[in-house]
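A short worksheet on the structure shown next.
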Amino acid sequence: MKGIWWKSLTVCILLYVILAGFLVPLRPGISDVSPGRVVAGEAVVLKVEGYNTFFTRAKDSIHAWLKLNDEYAFPAKHIIVSHDASIDVQFEIPDTFPLRGTVHPMSLILTDDTHGSFVLPNAVFVRDCQYFDPPDGIWENVTLIDLQKVKGFYFPYRNILHETIRNAYFHIPMWFGMIIIFIASAWCSLRYIRKGNAEEDLKALALNSTGTLFGVLGLLTGMLWSKFTWGSFWSWDVKQNTAAIAVLIYLAYFVLRNSLPDPDRRARVAAVYNIFGCAMLIPLLFVIPRLTDSLHPGSGGNPALGGEDLDNTMRTIFYPAVIGWTLLGVWISELRYRLLRLHWWIIFGK
Amino acid sequence: MKFHTLTLLSHILAYIRKDLLLELRRGYALGGLTVFVLCIVFIIYLSFGEIEGRLWITLYWIAFLFISIHTVLKGFALENNNRYLYYYSLLRPEYIFLAKWIYNTCMLVALGMLMYAILSLVAGNPIDDQGIFLLTVIAGAVGISLCFTFVSAIAVKSDQSATLMTILSFPLIIPVLLHLIRLSRASLPDTMITDIATSLITLGSIDLLLAGLGLLLFPYLWRS
């Protein structure tokens, strides 16, 4: 069998991506804190819900702070562990805050020796605050807080994404694969119009079918993700729209092929349209989304691919996923191309 | 070199003159356009009662889009293939593309202005900055005619050219159309859009891309 090495490589990579992508647990995180609103000067018990946490194991080593800004925080008075996924943290909120304003959002920081440390931004809103400088004794300097490092192989816990962060190994590689396959297809079409070899046109057709399949799958995985994070399957986000239009360009390619009966003319016209369409993907996918606000990461003030959304743990699966899915696309196209070539040989001879 | 430029110009001008003569002899572009615009305005007026600024602009570009599909395609479809074989023996395909493009651009600018007049007459004129709107129409005519000239050259190869033209051109024209609508919104009185330059530059680069592709690929299309 020709090309057995890269085909087995594809299978291995995809097995690794699917297994690791679904089995590696999320890092422990804080999913909820209640009450979310408190009054300055009162003693409160915050009920903290954990995700993937083992609070009973960490018991005595847990420390908690409420953080005001990059300078100031104050520690918890008392911590009661009720079970693995929930603890009660008692705080005495001070009357005076070292920052002007009456309402302050505060972040909750937890640290212990089992999980390392986690932060929930804007966990609690404190109202009726008074400004006082220099601060009370209860306020500590944030830089002195001793945060534990996380051990083990985890995916990051993100508050809106939760478990759907695993979609990063399916949704994003689909677009990488689609663009690579479409460029390869345009290259084949370019060779066709220069040399007139019918096999190049069949290659372009096969690659375009796979590329369109990847585009549709990218849209579908994106719609699922959009439902969980943004609230509806179609959010009229600029990238959703332009991606759908990109798929339309290639659907039109198939319509064009089917409407031309003469095989020679069909091949030539389709090749020209294919190159034109591929070039039009540049403004569609790379220019317009950068000019408009988008809900996607990387635009409209949202963080880009990277940072905590794609940490080093995820990279060890994400990059193989891109290579694996692209190779699978090439593999499918190769099979489709061989089938098309057989049909061609049956009709026109070798 | 000078001789070369002269032949290019004279060839293109001759071709444009031929197209214009054909158009004037048939002469239904103007009538068709008037009916089309009146039809759209009438339907919208019946359903909305009055036409405010943003709706006006949307209407304008919808009408413009369909009229340009029709106009540009007709320029190709009205002559039969044998006559193209004759043109091919006379002119280089790049010249034909350039001539068609220039002719279509002028045609679309003229039709755009006419439509502007008709829409203003029957639906009022909400445009505040006429200069920006005029600039948008010209920029739009350049981009749309580039894209449609190329696509209609593809579409006439098939028997169902009108259907194919719509299917092929709609996704390709979206990047241009998005910028046009954005630009023309900047001409409304209560506009929030200030970075006209960015839109114009992007539109210009898309036009350049289209022109380059058209000039490179048109000869291959022509030969079949």
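The values are calculated or read from the model by the stated rules, or taken from the named source; none is laboratory data. Because the structure is a prediction, the values reported are computed rather than measured. Every residue, glycine as well, gets a Cβ built from its backbone with ideal geometry; the counts of neighbours run over all protein chains shown.
Just the residues that are surrounded by fewer than 17 Cβ atoms within 10 Å (Cβ to Cβ) and more than 22 Å from A:TYR51 (Cα to Cα), please, taken from the stretch A:77-95.
The answer is A:LYS77, A:GLU92, A:ASP95.
Does the stretch A:283-299 hold any residues that are assigned to a helix (DSSP H, G or I) and more than 7 Å from chain B (Cβ to nearest Cβ), and which are they?
A:LEU285, A:PHE286, A:PRO289, A:ARG290
Quick check on my filter: what residues within the stretch A:45-64 are aliphatic (A, V, I, L, M) and without any contact (Cβ under 8 Å) to a residue 60 or more places away in the chain?
Within the stretch A:45-64, A:VAL45, A:ALA58, A:ILE62, A:ALA64 qualify.
Here is a check on your reading of the model: is B:SER158 among the hydroxyl-bearing types (Ser, Thr, Tyr), at the interface with another protein chain (Cβ under 8 Å from one of its Cβ atoms) and within 24 Å of B:ASN81 (Cα to Cα)?
yes
When you go through (1) closer than 22 Å to A:GLY324 by Cβ; (2) touching a residue at least 12 places away in the same chain (Cβ under 8 Å); (3) surrounded by fewer than 22 Cβ atoms within 10 Å (Cβ to Cβ) one by one for A:ILE181, which number turns out not to apply?
Of (1) closer than 22 Å to A:GLY324 by Cβ; (2) touching a residue at least 12 places away in the same chain (Cβ under 8 Å); (3) surrounded by fewer than 22 Cβ atoms within 10 Å (Cβ to Cβ), only one is false for A:ILE181: (3).
How many residues does the stretch B:176-215 contain that are under 30 Å from A:ALA270 (Cα atoms), surrounded by fewer than 17 Cβ atoms within 10 Å (Cβ to Cβ) and either hydrophobic (A, V, I, L, M, F, W, C) or touching a helix residue (DSSP H, G or I) at 6+ places or on another chain (Cβ under 7 Å) (or both)?
2
Using the structure shown, decide if A:PHE118 is loosely packed, with under 13 Cβ neighbours inside 10 Å and within 30 Å of A:TYR319 (Cβ to Cβ).
no
List pairs: first in the stretch A:329-350 and within 27 Å of A:GLY177 (Cα to Cα), second assigned to a helix (DSSP H, G or I) and aromatic (Phe, Trp, Tyr), Cβ under 8 Å, 6+ apart or cross-chain?
A:GLY329/A:PHE214
Give the residues of the stretch B:185-214 that are at pLDDT 85 or above and either within 9 Å of another protein chain (Cβ to nearest Cβ) or touching a Phe, Trp or Tyr at 6+ places or on another chain (Cβ under 6 Å) (or both), sorted by residue number.
B:THR202, B:SER205, B:ILE206, B:LEU209, B:LEU210, B:GLY212, B:LEU213, B:GLY214
Can you report the number of residues in the stretch A:80-98 which are part of a strand (DSSP E or B) and within 35 Å of the chain's Cα centre (by Cα)?
So the count comes out to 7.
What are the pairs, 6+ residues apart or on separate chains, where a residue within the stretch A:3-30 that is over 18 Å from A:ALA321 (Cα atoms) has its Cβ under 7 Å from a residue that is assigned to a helix (DSSP H, G or I)?
A:LEU26/A:GLU163
Among (1) buried (at least 16 other Cβ atoms within 10 Å of the Cβ); (2) part of a helix (DSSP H, G or I), there is one condition A:PHE254 misses while meeting the rest; what is its number?
(1)
Looking at the stretch A:243-266, I want the residues that are more than 9 Å from chain B (Cβ to nearest Cβ) and have a partner that is of a type in the set (D, E, K, R) and crowded, with 16+ Cβ neighbours inside 10 Å with Cβ atoms under 7 Å, at least 6 apart or on another chain. Which pairs are those?
A:ARG257/A:ARG266
Determine whether the stretch B:108-128 contains at least one residue that is under 19 Å from A:ALA279 (Cα atoms), aromatic (Phe, Trp, Tyr) and surrounded by 17 or more Cβ atoms within 10 Å (Cβ to Cβ).
No, because not a single residue in the stretch B:108-128 is under 19 Å from A:ALA279 (Cα atoms), aromatic (Phe, Trp, Tyr) and surrounded by 17 or more Cβ atoms within 10 Å (Cβ to Cβ).
Pull up the stretch A:202-242, narrow it to residues that are without any contact (Cβ under 8 Å) to a residue 12 or more places away in the chain and within 14 Å of chain B (Cβ to nearest Cβ), then point me to the one that is nearest to A:PHE348 (Cα to Cα).
The qualifying residue nearest to A:PHE348 (Cα to Cα) is A:ASN241.
To keep it simple, each residue is scored yes or no on (1) small (Gly, Ala, Ser); (2) assigned to a helix (DSSP H, G or I); (3) modelled with pLDDT of 95 or more; (4) out of contact with any Leu (no Cβ under 8 Å at 6 or more places or on another chain).
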residue	(1), (2), (3), (4)
A:ALA204	yes, yes, yes, yes
A:LEU207	no, yes, yes, yes
A:THR212	no, yes, yes, no
A:VAL216	no, yes, yes, yes
A:LEU220	no, yes, yes, yes
A:PHE233	no, no, no, no
A:TRP236	no, no, no, yes
